[in-house]
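A short write-up of the structure that comes next.
The values are calculated or read from the model by the stated rules, or taken from the named source; none is laboratory data. All figures in this text were calculated on a predicted structure; none of them were measured in a lab. Glycine also receives a Cβ, built like all others from the backbone with ideal geometry; neighbour counts cover every protein chain displayed. Calculation scope for accessible area: heavy atoms of the full protein, side chains included, ligands and nucleic acids excluded. Shrake-Rupley method; radii C 1.70, N 1.55, O 1.52, S 1.80 Å.
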Amino acid sequence: MITEPVLILVATMGGTATFVADEMADALKAKGIKPFLVPMEKAALAMFDTRKLFIICSSTHGNGDIPDNSVAFFDALRDQRPDLSDVRYGTVALGDMTYSASFCGGGAQFDDLFADLGATRLVDRLEHDRQGGTFPEEEAVAWLDGWLEAANAHQPA
Ligand SMILES: Cc1cc2nc3c(=O)[nH]c(=O)nc-3n(C[C@H](O)[C@H](O)[C@H](O)COP(=O)(O)O)c2cc1C
């Protein structure tokens, strides 16, 4: 069983990702796991010194771009390239299939960057389509079950 806190990093323009992250935090609490919600504008590389379990919850804006509140953190990761080989993570990407060529591009950018820095992707990224007729928070909470199962199965050595 996971005993350490889970940090949920939130990249959003309009607040949907924050709402989804809140619902995931409640689901974690209900399972006795401590969540920390971190808006990306407050995220810092020093987090990785003490925290090892992360969920990225990011929408997409512009044309496949990450939300404005996450640009500084993304750039710090890309430029300073911390070693994330002891980090385990997953990504919840919010998007809209109307933008088919850049669907969920923001979440995909974070997912790829974490993997590139050596972090372990516990399960495939969730991609939610705003036009798909499902609620992102419901899909995210269901996805979280699989993510937790994988986290429990793949404990660090
Ligand atoms: C101006 C604008 C541009 C967008 N561009 C994309 C895009 O390129 N790809 C995509 O999948 N979704 C795109 N979306 C959809 C949003 O990512 C989606 O609606 C998401 O749920 C918004 O979450 P947020 O409120 O947390 O920002 C765009 C939305 C807006 C308003």
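For this structure, a couple of remarks:
To keep it simple, each residue is scored yes or no on (1) polar (S, T, N, Q); (2) under 30 Å from Gln131 (Cα atoms); (3) out of contact with any Asp or Glu (no Cβ under 7 Å at 6 or more places or on another chain).
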site: Ile2; (1), (2), (3): no, no, yes
site: Leu9; (1), (2), (3): no, yes, yes
site: Ala17; (1), (2), (3): no, yes, yes
site: Val20; (1), (2), (3): no, yes, no
site: Leu28; (1), (2), (3): no, yes, yes
site: Lys31; (1), (2), (3): no, no, yes
site: Pro35; (1), (2), (3): no, yes, yes
site: Met47; (1), (2), (3): no, no, yes
site: Arg51; (1), (2), (3): no, no, yes
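- Condition check for Pro82: of a type outside the set (A, V, I, L, M, F, W, C) and surrounded by 18 or more Cβ atoms within 10 Å (Cβ to Cβ): no
- A residue that is crowded, with 16+ Cβ neighbours inside 10 Å, β-branched (Val, Ile, Thr) and more than 13 Å from the ligand (Cβ to nearest atom) can be found somewhere in the stretch 24-35.
- With respect to the conditions (1) open to solvent by less than 30 Å² (accessible area, probe 1.4 Å); (2) touching a helix residue (DSSP H, G or I) at 6+ places or on another chain (Cβ under 9 Å); (3) more than 16 Å from the ligand (Cβ to nearest atom), Phe48 falls short on a single one, namely (2).
- Consider the stretch 87-132 and keep the residues that are of a type in the set (S, T, N, Q) and open to solvent by less than 60 Å² (accessible area, probe 1.4 Å). The one that is nearest to the ligand (Cβ to nearest atom) is Ser102.
- Of all positions in the stretch 13-23, at least one carries a residue that is assigned to a helix (DSSP H, G or I), over 20 Å from Asp112 (Cα atoms) and out of contact with any strand residue (DSSP E or B) (no Cβ under 8 Å at 6 or more places or on another chain).
- Any chance Thr91 is within 18 Å of Asp145 (Cα to Cα) and under 12 Å from the mean Cα position of the chain (by Cα): yes
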